[in-house]
Amino acid sequence: MWRALKRWRASGFILLLGAVVLWPFPVVRILHVESAIVIATLAWFTTGVAAATGPRSLGGFRKLLGAHVVYLALPLSALTVSLAWAPNCAYPTGVAFFVLYTLPSVFLGGAIGHAIRVQGGRPILSFALATAAVLVGGLAYDLALHPQFYTFNHVFGGVLGPLYDEDVTVTAAVLWFRLLTCLWAALLILLTMRWRAGRGPRAVTKRVGVHAIGLPSAALAIGLIYLFSPRLGINTPAWFIRQELGGHTKSEHFDLYHSKEMDEAEALQFLSIYEYQYDRLAGQLGVAPARRVAVYLYPDPFTRERLTGARVTNVAPIWLRQPQVHVLEDVPERVHAHELVHVFSREFGLPLVKASFAVGLMEGLAVALEGPSGGPSPHDQVGTMLGDPRFDVSDVATRLAPSGFWGGRGAVSYTSTGSFVQFLLDEYGSEVLRRTYAFGRFRSHYGKDVHSLAHEWESFLRSREVVSAFAARTAVQRFSIPSLFEVRCPHYVPPYRKRLLDAQRLLADGDSTSAMSSLERSLALRPDYAPAALVLADIAIVRDEIDRANEALSQIAPTPARDVRLADISALRGDSEQALIRLEDVERSVPRGALDSRGLLLVRRAVTGDSAAVRALYVAPSQPRAVSTPSEALVYGRALVVDGRPAEALQVLTSVDKPEPAQLDEAGWLVARLWFRITSEAALRAGEAALALSVAEDAHRQATARGDVDSAALFAHYVHRARWASTVMGDVNQTRRE
Ligand SMILES: [Zn+2]
């Protein structure tokens, strides 16, 4: 063994050097999936090249493999030493990834190299070609032909999901795929032995006879893994997602794939959002997708993670042949619109991949056209932060390039490029942007380079008055969220958080009893873990276990989210006085710009004496109730909209007098605004376009008159959507009858 180690010491040196080179760089300098990918690739090459130029005999090859396995201890140690300056809270997970990624790569890389050695020919060239086929073939097959956001690879192990998903763990799929790599290695070694035996001395042939059972077994196992690869989670064809979701509803331009639980009326509501956005974007961009668009709608993040690898990220894989988006059911309309913009911009993207060299242009366009959030616009957020050295928002030219965009903080990148593209659209129109989009060559199309355009944009923002009263506060809060590269322990998910994720997964499956016990386990590990305590309290309140809710909340630090629930608990216990005192405290700590939250607090205050209404803040009543005050109407209406019963919601909301904001003070407006918002939403969802239009127009007038620009922008969107819906409702109803 010692002689073998000495003979291939160059490999050991390369592996060690590879790990040491990673030391200065964030994320890859700690032992985890990213560094494992780098070392696995190096291990593949060092073992493969050594084997392709090494001993011909099986005994010699065994020694070579053994030496290369031992050498893995060097990068493992180097990435352990880095703990001294780069904390790695997920070290055990890192070790697991290291072993699972590097060992099989050593085996298969070595097996391919050895086969080349025995077959003869030009060893280095043949090994390089074989590697390129495995590497590029695997990547192209997974990512160019399948709607999946992960890829496993025999060379480097695998990338398990999009950049923004922080929770990276060793799943069963990782084990299955690495088993597959080992099986391929075994098959190849057995074939090489057989091939050598065919021309070698008799003794070898005899030994191969024993191994002959191994050959068909390995081949069979490999075949079975490929056959069940969608189930095992190592490859995801579109048909598999459709089959697992189970529901399919069509409209003029869209195929909506949704869960079996969603009925046709609800599916048509989603399609009406998409058709509306389609018309709006076609008008603004002057192009439309050349083919029908597939919308994959997932009931919860865990289903999407299981099927596509993306848990927290909504995605539009623009490079696939069919235009498509993969979105969660309960995201705001703006998120659906954002992904749909990506589908539209495929039409003027780069050949083949349909993207833009300037990632910032791609995301900026989606932000610019996604529609209002109800909060300060990108122009307002960036404009108010222009001089702030903490965020450096004006450096938009750098953020257009991939490294600048993804290397920085997400919210800063998205919002500043969004504002910049909005400016380009308003100032120069959509045609020149379409022509610039693919290659990002500003000079050839705008007649000036990106820096002078960025300069124009900045002067525009400086000359413009920030109109939203809440711009600065919102921007500071959003822009302060650190990027993956700034996080102390990227990827680390502590056990108490894992239990919370388990609970959310169980809740998505409708199993609140098991979810409760998972939350109890989370809180047993860390009693002051607020996210778990809040979810537990919500379930407990719905189940009438008020004391349990109270106990969990009493362990965590005071926040508005906690105190609002404690106020509700007091109200449910019949102590309205205590509830009102608590709510007053909360009101003082909620940001002034959080208009929805502040409106809801006022509504809460009005219903503290009515325990049925307080419960409706958590769960919709099964039977509609008669209401007498606007606050009650809002509580029930909101619950029914969330529960997917817009027609019932509308009945409740319109059974009280419509608010007359002209005479109202600020508090009155906050409640009225909420009524307008929930009522127009309910009317749109219930297919009552005319009513939605009159409510939204009224709301828009009132918001404008009061100078509430953020709400005015939101209601303008409702007006457009309702106007659109009233012109096409005939078509939608026709689709329903088909
Ligand atoms: Zn996007």
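Brief remarks follow.
- The residues of segment 624-636 that are of a type in the set (A, V, I, L, M) and open to solvent by 70 Å² or more (accessible area, probe 1.4 Å) amount to a single one, Ala626.
- Here Val732 meets the list (1) at pLDDT 90 or above; (2) open to solvent by 10 Å² or more (accessible area, probe 1.4 Å); (3) in contact with a Ser or Thr (Cβ under 9 Å, 6 or more places away or on another chain) almost entirely, failing just condition (1).
- Close pairs (9 angstrom Cβ cut-off, 6 or more residues apart or separate chains): closer than 13 Å to Val295 by Cα and away from the ligand (no atom under 13 Å from the Cβ) in segment 310-322, at pLDDT 90 or above and not charged (D, E, K, R) anywhere: Gln322/Pro147; Gln322/Ala238; Gln322/Val293; Gln322/Ala294
- Inspection of segment 259-278 identifies at least one residue that is within 24 Å of the chain's Cα centre (by Cα) and in a strand (DSSP E or B).
- Top-ranked residue in segment 300-331 [being open to solvent by 20 Å² or more (accessible area, probe 1.4 Å) and more than 14 Å from the chain's Cα centre (by Cα); ranked as nearest to Val432 (Cα to Cα)]: Trp319
- Hits in segment 345-354 - residues which are buried (at least 19 other Cβ atoms within 10 Å of the Cβ) and either free of Cβ contacts under 8 Å to residues at least 40 places away in the same chain or away from the ligand (no atom under 12 Å from the Cβ) (or both): Arg346, Phe348, Gly349, Lys354
- Residue that is modelled with the lowest pLDDT [pool: residues in segment 644-675 that are closer than 14 Å to Leu691 by Cα and open to solvent by 50 Å² or more (accessible area, probe 1.4 Å)]: Lys658
Okay, residues lined up against (1) at pLDDT below 90; (2) hydrophobic (A, V, I, L, M, F, W, C); (3) open to solvent by 40 Å² or more (accessible area, probe 1.4 Å):
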| site | (1), (2), (3) |
| --- | --- |
| Val432 | no, yes, no |
| His445 | no, no, yes |
| Glu456 | no, no, yes |
| Arg462 | no, no, yes |
| Ser468 | yes, no, no |
| Phe485 | yes, yes, yes |
| Arg488 | yes, no, yes |
| Tyr492 | yes, no, yes |
| Arg499 | no, no, yes |
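- Here segment 357-412 is the region considered, the condition is being of a type in the set (Phe, Trp, Tyr) and within 15 Å of the ligand (Cβ to nearest atom), and the residue that is surrounded by the fewest Cβ atoms within 10 Å (Cβ to Cβ) is Trp406.
- Inside segment 323-339, residues that are within 16 Å of the ligand (Cβ to nearest atom) and free of Cβ contacts under 8 Å to residues at least 60 places away in the same chain make up a count of 10.
- Residue check, His342 touching a strand residue (DSSP E or B) at 6+ places or on another chain (Cβ under 8 Å) and either more than 23 Å from Arg242 (Cα to Cα) or within 11 Å of the ligand (Cβ to nearest atom) (or both): yes
- When Val327 is tested against (1) in contact with a His (Cβ under 7 Å, 6 or more places away or on another chain); (2) part of a loop (DSSP other than H, G, I, E, B); (3) among the hydrophobic types (A, V, I, L, M, F, W, C), exactly one condition is not met: (2).
- Options Ala612, Ala579, Ala567, Ala639; residue that is among the hydrophobic types (A, V, I, L, M, F, W, C), in a helix (DSSP H, G or I), open to solvent by less than 40 Å² (accessible area, probe 1.4 Å) and more than 30 Å from Gln477 (Cα to Cα): Ala612
- The one condition in (1) buried (at least 21 other Cβ atoms within 10 Å of the Cβ); (2) within 16 Å of the ligand (Cβ to nearest atom); (3) free of Cβ contacts under 8 Å to residues at least 60 places away in the same chain that Leu297 fails to fulfil: (2)
The values are calculated or read from the model by the stated rules, or taken from the named source; none is laboratory data. Bear in mind that the values here come from a model prediction, so they are computed numbers and not experimental data. Backbone-built Cβ (ideal geometry, glycine too); neighbour counts: all protein chains shown. Surface accessibility is based on the protein's heavy atoms, side chains included, excluding ligands, DNA and RNA. Shrake-Rupley method; radii C 1.70, N 1.55, O 1.52, S 1.80 Å.
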